Structures are given as structure tokens and as C-alpha cells.
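**Q** For reference, the structure I am asking about is given below.
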Amino acid sequence: ASLTKTLGATDGTALDKLKMEYLAYENARIALENTNLAAPFDGVVVNLNLVPGQSVNTNPVLTLTSMDKLQVKFYMDETDLAGLSIGNRTIYTFNAYPETSLEGEVTMIEKSLQIYDGSPVVVVWGTLPERPSFDLLVGMTVDVEIIAGEALNALIIPVQALRELTPGSYAVFVVQPDGSLKLTPVTIGLRDFANAEVLSGLEAGDVISTGTIETK
């Protein structure tokens with residue numbers, strides 16, 4: 001309180017000069033404090049937009065990223081939405097580490113399509129392990145495989161062998177002991193571009209035809 005009263009001295013006095021020095025010191029101290037950048041979280045500087053001696057203003061000067069909980073952002077064709085849901089298991093193969101894969105799961109499917117390379121796509125986010133076996137950098141390129149369904153110890157056949165009788169109804173040509181072919185209905189489960197799971201109609205060891213024949 002006594003300092004405040006003393007610094008209110010008449011202009012031109014020694015105490016007034018002391019007041020001006022004190023105010024200049026306070027302004028310099030505050031200006032110095034304002035030059036400190038305090039990060040809101042622990043992370044790594046991935047971009048620095050200045051050099052020593054450069055004047056700065058309100059424009060961003062650096063980019064900070066957290067490496068603790070990295071996520072993968074990838075794009076899918078909208079026609080694949082039927083087999084996509086939160087919780088689907090994902091397998092990532094990074095271009096930098098083609099011999100090693102990481103597993104995660106789908107955590108978010110954005111509610112609006114985006115345009116990527118001129119085509120509408122679904123934006124999907126997936127998790128990554130917290131402690132991967134190799135170094136990951138923000139912005140890496142990765143191939144993503146989504147596991148929409150799994151079948152263990154399944155009986156599978158090439159999709160080329162399937163004959164669609166009616167929508168959703170299939171059959172295959174089974175090779176008989178005498179070499180003839182018998183059209184046999186089958187029930188199909190999971191399928192991809194190469195193989196189909198057979199739930200009923202065939203047994204392991206049956207020989208089937210993947211070609212086409214004329215029937216009468």
C-alpha cells in the first residue's frame with residue numbers, strides 16, 4: 001500500500017521517475033511472459049513455421065501432435081457400407097513396414113460423404129495399438145483391411161464354381177465317379193472376391209467344376 005501511495009508522486013519528481021521505470025519494467029516483464037508458448041498436452045512438434053529472429057504475429061507458428069493415441073483415417077466406397085460397423089476388426093499394413101501388420105478396430109464412421117480423387121467416399125476412423133512394434137509417423141500411408149465377418153474351420157469353394165439359380169439361391173456342379181456333372185444346391189455363408197463359405201450341400205473332398213457346360 002505504501003508503494004502505491006509513493007508512486008503517485010507529482011510529475012517531474014524523483015519518485016515520478018521511479019514510477020515510470022517501474023511501469024516500464026512491468027510492461028517488459030509481461031511482454032516477456034507473453035512470448036512463452038504453453039502446450040495444452042504432451043506431444044511432438046511436427047511443423048515449425050518460423051526461424052530464429054523472425055517476428056511473429058497471431059498466425060500459427062508450430063504444429064503439435066499427440067503420439068499417444070494415434071488413429072487411422074481411411075476411405076471406403078459407399079457400396080461397402082453394408083458390411084461396415086463400429087467395432088469391426090481392422091488390419092493395417094504400412095507402406096514403410098510391408099512385412100508387419102497391426103490390428104485395431106473401427107471407432108467412427110463419419111455421417112457425411114466426402115469427395116476423394118473425384119469420387120464420393122465414406123470416411124472411417126480406426127484405432128492403433130498404443131505401443132506398436134515400430135515407429136509410426138503422422139501422415140504415413142497405410143493399407144486397411146476390414147474384417148466384416150469371420151468363419152473358422154469353414155468349407156470354402158472358389159466363387160467361380162457358384163451357379164446362381166435365383167437371387168440368393170446357388171448350386172454347383174459336383175463331379176460324379178463316372179465323370180459326369182450333377183447340379184447340386186448349396187447354402188452359402190460368407191464370401192469375398194475369391195472364395196465362398198459352404199454351409200450345406202457339399203462335404204470336404206467333393207470335386208466340383210469351376211467351368212461352364214451346356215445343359216439340356
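Values in this text are rule-based calculations from the coordinates and carry no lab data. All of these numbers come straight from a predicted model, not from anything done at the bench. All Cβ positions, glycine included, derive from the backbone under ideal geometry; neighbour counts span all protein chains shown.
**Q** Once both labels are modelled 7 Å past Cα along the beta-carbon direction, what's the THR35-TRP125 spacing in nm?
**A** Rounded to a tenth, the inter-label distance reads 3.7 nm.
**Q** Show me the GluC sites (Glu not before Pro) within the stretch 161-216 that DSSP assigns to loop and that have at most 15 other Cβ atoms within 10 Å of their Cβ.
**A** Within the stretch 161-216, the qualifying GluC sites (Glu not before Pro) (loop, at most 15 other Cβ atoms within 10 Å) are GLU203, GLU214.
**Q** Separate question: How large is ³J(HN,Hα), in whole Hz, for each residue of the stretch 129-136 in order, when computed from phi with the Karplus curve 6.51 cos²θ - 1.76 cosθ + 1.60 and θ = phi - 60°, using x for Gly and Pro?
**A** Per residue, the Karplus-derived 3J(HN,Hα) values read x, 5, 10, x, 7, 9, 6, 10 Hz.
**Q** Same structure again: How big, in percent, is the set of alpha carbon pairs in the stretch 35-85 lying more than 13 Å apart?
**A** Values: 933 of 1275 pairs.
In whole percent, the share of Cα-Cα pairs in the stretch 35-85 beyond 13 Å is 73.
**Q** Next question. What are the residues whose amide H is under 5 Å from the amide H of MET108, where those residues sit 5 or more places off or on another chain and H is modelled from the backbone?
**A** Those qualifying (amide H under 5 Å, at least 5 residues apart or on another chain) are TRP125.
**Q** Using the basic label-point model (7 angstrom from Cα toward the beta carbon), what is the VAL207 to GLN71 distance in nanometres?
**A** 5.4
**Q** For the stretch 54-160, give the magnitude of the charge dipole about the Cα centre (Cβ charges: +1 Lys/Arg, -1 Asp/Glu; no others), in debye to the nearest 20.
**A** Details: 5 positive and 14 negative charges, 59 e Å.
Once rounded to the nearest 20, the dipole reads 280 debye.
**Q** Given all pairs of different Cα atoms, what value in angstroms does the Kirkwood hydrodynamic radius of the chain take?
**A** About 24.7 Å for the chain.
**Q** Amide H of MET67: which non-local residues (sequence gap of 5 or more, or other chain) have their own amide H closer than 5 Å, using H built in the peptide plane?
**A** Hits under the 5 Å cutoff: VAL44.
**Q** Along the positive direction of the dipole of the chain (beta-carbon charges: Lys, Arg +1; Asp, Glu -1; about the Cα centre), which of ASN153, LEU84, PHE193 reaches farthest?
**A** Result: LEU84, furthest along the dipole toward the positive end.
**Q** Evaluate the charge dipole of the chain about its Cα centre and quote only its size in Debye, nearest 20, assuming +1 on the Cβ of each Lys and Arg and -1 on the Cβ of each Asp and Glu. Show your work: numbers first, answer last.
**A** Details: 13 positive and 27 negative charges, 124 e Å.
Roughly 600 debye, rounded to the nearest 20.
**Q** Here's a follow-up. Sequence-distant or interchain residues sharing an amide H contact under 5 Å with LEU136, placed H: which?
**A** Here the answer is none, since no amide H 5 or more places off falls under 5 Å of that of LEU136.
**Q** Still on this structure, I have one more. So what J values fall out for the stretch 58-68 if you push phi through Karplus, 6.51 cos²θ - 1.76 cosθ + 1.60 with θ = phi - 60°, rounded to Hz, Gly and Pro as x?
**A** 8, 5, x, 10, 7, 10, 10, 10, 8, 9, 6
**Q** Peptides 21-34, 173-186: what's the order by average Cβ count within 10 Å, highest mean first?
**A** Final packing ranking: 173-186, 21-34.
**Q** Within the stretch 84-99, which residues have the backbone N less than 18 Å from the label spot 7 Å out from MET140 along Cα→beta-carbon, could you tell me?
**A** Within reach of a label on MET140, which here means backbone N under 18 Å from a point 7 Å along Cα→Cβ, the stretch 84-99 contributes 90-99.
**Q** Right, next: For helix 14-33, what angle does its Cα long axis make with the longest principal axis of the chain, in degrees from 0 to 90 and rounded to 10?
**A** Computed tilt is about 10 degrees.
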